[in-house]
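Colleague: Right, I'll just put the structure down here and ask away after.
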Amino acid sequence: MKLRQSAWWALGLVIFALFPVVVTNPFYTTIGIFTVIYMGCATSWNMFSGYSGYVSLGTAIFYGCGAYTMALVSIHGHIPGGAEQFWVVPLGGLVAMAIAVPLGAVALRVRRHTFVVITIAFFFVFQLAAINANFTGGPAGLSLELIPWQGDAYNTPFYYVALAILVFSVVLSALVRRSRFGLQLLAIRDDEDRALGLGVKVKAVKLTGYTMSAFVVGMAGALYAMFLGQIYPQFVFDPVFDVTIALMAFLGGFGTLLGPLVGGLILESSQQWLTANYSNGSLYLILFGALFLIVVLFMPQGIVVKVKEVWSKRTSTGSDATQAPLATLGSESL
Amino acid sequence: MNSSALIHALVDGVLTGSVYALMATGLTLVFGVMDIINLAQGILVILGAYLSYTLSVHFGVDLFVGLLITIPTLFVVGIVIERLFVARLKGPERTAMSILVTYAISLVIEGILNEVYSINQVQLQAWYVNRSFPIFGIYLPYIYLLGFILAAALLGSLYYMLYRTRFGASIRASLSDQTAAALVGIDTKRVATICFGIGVAVTAAGGMIYGATNAFNASSSYDLISRLLTIIVLGGMGSLGGALVAGILMVMLQDIVAVVWSPIWSSMSFFVVLVIVLSLRPQGLFGKQSARVA
Amino acid sequence: MSALLEAKGISRAFGGLRALNGCSLHVERGSITGLIGPNGSGKTTLFNVITGYVKPEAGTVSFDGKDITGARPNAVFALGVGRTFQLTRIFSRISVVENMLVATQREESWLRGLTRSKSSKTELDAAMEWLDFVGLARLASLPAGSLSYGQRKLLELAYVLVADPDVILLDEPAGGVNLTLINEIGEKIRTLNKSGKTFLIVEHNMEFVMNLCDTVTVMHQGCDLVSGRPEEVRNNPLVLDAYLGGGDDEVVEELSHG
C-alpha cells in the first residue's frame, strides 16, 4: 500500500518534469509555470492554515514581499538579468519569513474568525504601503533588467525552478504532517485550549507554522517578479491572490496533502487558460465563482475526499470495509 | 491643523460614518446570529448602488423613492443566497467556508455587474448630490445630511425591531447563544434566514448613499468590504453598538490623517489602528470575551 | 500527612456572580478525594483555577509544595497535574492513537517537536498500552470523532494517563454513561490509585463517590463546607441542608437514607 502510494507520487513528479519537454509552446509553458507556482503556494498555505484551522487571507503579503525582494536586490545589487537572479529566490523566502514573525505574533493573539479579518487588514496595510512608498517605485512599480534568453527556451528554467519550489513545499508539508509539530497543529485545529492543557506550546507552534508557510510563498513571489521582469504593487499585493490560494485548498481538500495540489492544478490552469482565451475578464469571474460554488454544494469536503469516498464505496467489498462496522461494534459494547 | 478641517472631520465622521455603520451592522448581525462572515456584503452594496442608478437614469425614479424598490429586492436576494448556499454550510469549518462561498458569490455578481454596466465608473445624480448646505462654517452636499438621516432612521428602526418586538427578541437570543435559543423553542433557522435578508437589505440604502457620494464600479467592492470588515472587528464581532462607534471613528480618523499628514496614508490609518487595538484587546472594542473553558 | 495539592482561600467572580468565595481544598498524596456539592457551588470553577484555565482573584494553589497560582494550563500540566473535562474534550479529527500522542510529552520544547517524528517506539508502546488499559486499543486508528460518548470519556482518561501525571482531576467521570461503564471506570481508578496515582473527582453520582473516595469535600456557594471521610460527610446535617437549598432531590434522598 505504502509502495503503491509512493509510486503514484513518483509518476506525478515524472509527468510534471516531462511537461516542458513534451510541450514547448510558450503559451502553454507559461500556464504551466503559474500553475506550478500556485500549487506550491496552496500547499504551503495549507501546511499552516489547513492543519491548524487558522485561515489566513493575507498570503499575498509574503508573495509581494518576495517579489519586491527580487526586484530591489536585483536592481540595487546590479545583478545582471539571467540565471544569477535565481539565487535571490530563496532570499525572497527568507525576507517573507522575517516579516511573518512580527505579523504572526500580533495576528495569532486573536482566535480564528478575527484572525481571518486581521490578516486582511494586514494585507491592505502592505498593499497601500507598497503603492505609496518611494522605494517600491509607487504605483508605477519596478522594472528589472531584461533576461537575454531567447525563444521557447525562455520559460524552461523558470518552470524547473518553480517545480523545485513545489517539490520542496510538498515534501515539507508531508514531513510536517508526520512530525510531532504537525500533530500539535492538528490538535490546535480540533481544540486549542485542550491542546494547551496537554502541554502543547500553542503560541510557539502557531507562530512557527505561520512563519514556515511564508517561506515558499516568498520564494514564489520572487520567482514571479523575475519571470515577468516588471512588478506592480496592485498585482503582487493582490487580494484575489489571497482568496484564490485558500479556494484552491478548500476545493481540493482542506488540511489534506493532495487537496491543495489538485485544487491548484484545476483552478490555476483553468484560470490562466480562460484569461488567455477570453479577454473578457468578467466572464472568467462568473465561471470561476460558479465553479467554486458548485464544488462546495456537491462536495463540501473537497474533491480529494469526495473522490476517495466514491472510490472506497466502489471497492468496499473486501477488507477495506471493516473499518466502519468496527466503530459501530465498539460503541455497542460500551 | 486648522479648526475647519477638524470640524469637517467631526461632521463627516458622524454623517458618513453612520452610513458605514449601517452597512456594517448588517454584516455584524449576520456574524453574530449565524457565525457567517459575508464577504459579498461589499459587492451587494455596489449592486444596491447600481439598482438605484438604473432606476434613476432609465426610469427617472428619485433615489430615495427608489429605495422602496431596491430594499425589498435586496432583501429577497439575501434570502435566496442564504437558502441556496449559506444554509448548506455545516461542520467545523463552517465559518471559514462561509468566507470563501460568499467570496465566490461576490465574484459572480462582480462579473455580472461588469458585463451589464461596464467597468467605467459612475456616480448617482440628483439635485441634492450637487447642491451644498452650510454647517458649522463648512459646506457639504445635501446628500450627506439626507444620507445620515436615512441611515439613522434605518438603524433606529433596526434597533426598535431588535429591542421592542418579539422577533427582535428571538434574534437577540440567537445573538447571545444559538444553542440556548434553539432549546427555548426559537426557530433559529428561520431567524438566520431573515437576519441574512435584513443584513443584505440594508446594503440597498447604504449602496445608494455610497453611490451618490462616490464614483464607483464593481471593483469598488474590495475597498468597501475591507472597510466594513475592519469596522465590525474593531467594534467587536457581533456587537451592534460597536459597529456604530467604529464606523464613525473610521471616517473621522481618515479625515484627520488626511489633513494632518497626507491623504495618501489616510486609508491605511484605520487598518493600523485596528491592528493596534486588536493586539491590546483581541475581542475588539465592545466584543464579548468568549468563554473558552468547558 | 502531606498535601500533594492544596488550594487556600480561592476567590473568583464572573461579572456579578461569585463563583468561588474563599474556598480551600486539601488533597493528600495517594488519596482519592471526592469533591461534591449542589449545582453551581463552584466545583468546576475550582478545577479550572487549579489547572490554570481560570485565574483566581485571591488565594493560592500549590502542588507538591510549589506555588502554581495563576500558572498557564500547559505549565500546570507539565508539573504533573492532569485533568478531564465535564464535556469531554478530545481531538475529533485525528485518530485515537494520535490523540494519545498529543499528550505523551509534558515538557518537551516546541523546537524538538519540529525535528522529530510523531512518536518514538516507546511512546507508541505507552500509548497503545494505555489504550489497551481502557479497552480502546482496537479502535486506535479510527478518527476519534467516530467514538461513542462513553468511549470518548475513556479516551480522555487514557490520554491524560499517558503523560504520567501525579494527580488526576476528573470532572464528572460517571456523568452520562451507563452503569456498566461507571463500574468499569471506578475499577480503573482504584487500580491506578493502588499504583500510586492521586485522584480528585467531581461527581454528582453519590454512590460512585461514597464507594470510591477516601476523603470527600463538600462545596456550597463557592466555599468548602465540610471535609471528611465519606460516612462522616454523609451524616453531617450541614450537607443535607446545602443540598436541600440546591433542589437536587435525588441527592437529598440518597443522603437522608444514609
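Rule-based calculations on the coordinates, nothing more; no lab input. Predicted model only: the values in this text are computed from it and were never measured. Neighbour counts run over all protein chains shown; Cβ positions are idealised from the backbone, glycine included.
Colleague: Looking at segment A:141-212, I'd like the Rg to Rh ratio, where Rg is from alpha-carbon atoms and Rh is Kirkwood's inverse mean 1/r.
Modeller: 1.28
Colleague: Which lysines, if any, have their Cα less than 18 Å from the Cα of residue A:2, not counting same-chain residues under 8 positions apart?
Modeller: List returned: A:308, C:118.
Colleague: With only alpha-carbon atoms in the gyration tensor, what are the semi-axes of the equivalent ellipsoid for segment B:3-280, in Å, largest first?
Modeller: Equivalent ellipsoid of segment B:3-280: 29, 22, 18 Å, largest first.
Colleague: I've got another one for you. What aspartates and glutamates sit close enough to residue C:55 to cross-link, taking a C-alpha to C-alpha distance under 19 Å and skipping anything fewer than 8 places away on the same chain?
Modeller: Residue C:55 reaches A:192, A:193, C:6, C:67, C:171, C:224.
Colleague: Given C:218, C:119, C:173, which one lies farthest toward the positive end of the charge dipole of chain C, if we put +1 on the Cβ of every Lys and Arg and -1 on the Cβ of every Asp and Glu?
Modeller: Sorting the options by dipole projection puts first C:119.
Colleague: Given A:276, A:156, C:38, which one lies farthest toward the positive end of the charge dipole of the protein assembly as shown, if we put +1 on the Cβ of every Lys and Arg and -1 on the Cβ of every Asp and Glu?
Modeller: Value: A:156.
Colleague: Indicate the gyration tensor shape class of the protein assembly as shown (rounded, prolate or oblate), computed on the Cα atoms with a ≥ b ≥ c the square roots of the eigenvalues: a/c under 1.5 is rounded; otherwise a/b larger than b/c is prolate and the rest oblate.
Modeller: Taking the square roots of the gyration eigenvalues as a ≥ b ≥ c, the protein assembly as shown is oblate.
Colleague: Provide Rg and Dmax in Å for segment A:25-239, with only Cα atoms included in the calculation.
Modeller: 17.7, 60
Colleague: Divide by every residue of chain C the summed helix terms, -39500 (n - 2.57) for each DSSP H run of at least 4, and state the resulting mean residue ellipticity at 222 nm, rounded to the nearest 500 deg cm²/dmol.
Modeller: Helix-only estimate at 222 nm: -11500 deg cm²/dmol.
Colleague: Once you put a point 7 Å from the Cα of residue A:8 and another 7 Å from the Cα of residue A:273, both along the Cβ direction, what distance in nm separates them?
Modeller: Result: 2.2 nm between the two label points.
Colleague: To make sure I understand the rule: partners must be lysines, Cα under 16 Å from the Cα of residue C:197, and not fewer than 8 residues away in the same chain. Which ones qualify?
Modeller: Cα-Cα hits under 16 Å: C:188.
Colleague: Follow-up. Size of the dipole of the protein assembly as shown about the Cα centre, Lys and Arg at +1 and Asp and Glu at -1 on the beta carbon, nothing else charged, in debye to 20?
Modeller: Dipole magnitude for the protein assembly as shown comes out near 620 debye.
Colleague: To continue, here is another question. Short version: ³J(HN,Hα) in whole Hz for each residue of segment B:232-242, in order, from phi by Karplus 6.51 cos²θ - 1.76 cosθ + 1.60 (θ = phi - 60°), x for Gly and Pro, what are they?
Modeller: With coefficients 6.51, -1.76 and 1.60, one gets 6, 6, 5, x, x, 5, x, 9, 6, x, x Hz.
Colleague: For chain B, what does -39500 (n - 2.57) per DSSP helix run (n ≥ 4), summed and divided by total residues, give at 222 nm, in deg cm²/dmol to the nearest 500?
Modeller: -25500 deg cm²/dmol
Colleague: State the Cα centre-to-centre distance between segment C:29-71 and segment B:213-250 in whole Å.
Modeller: 44
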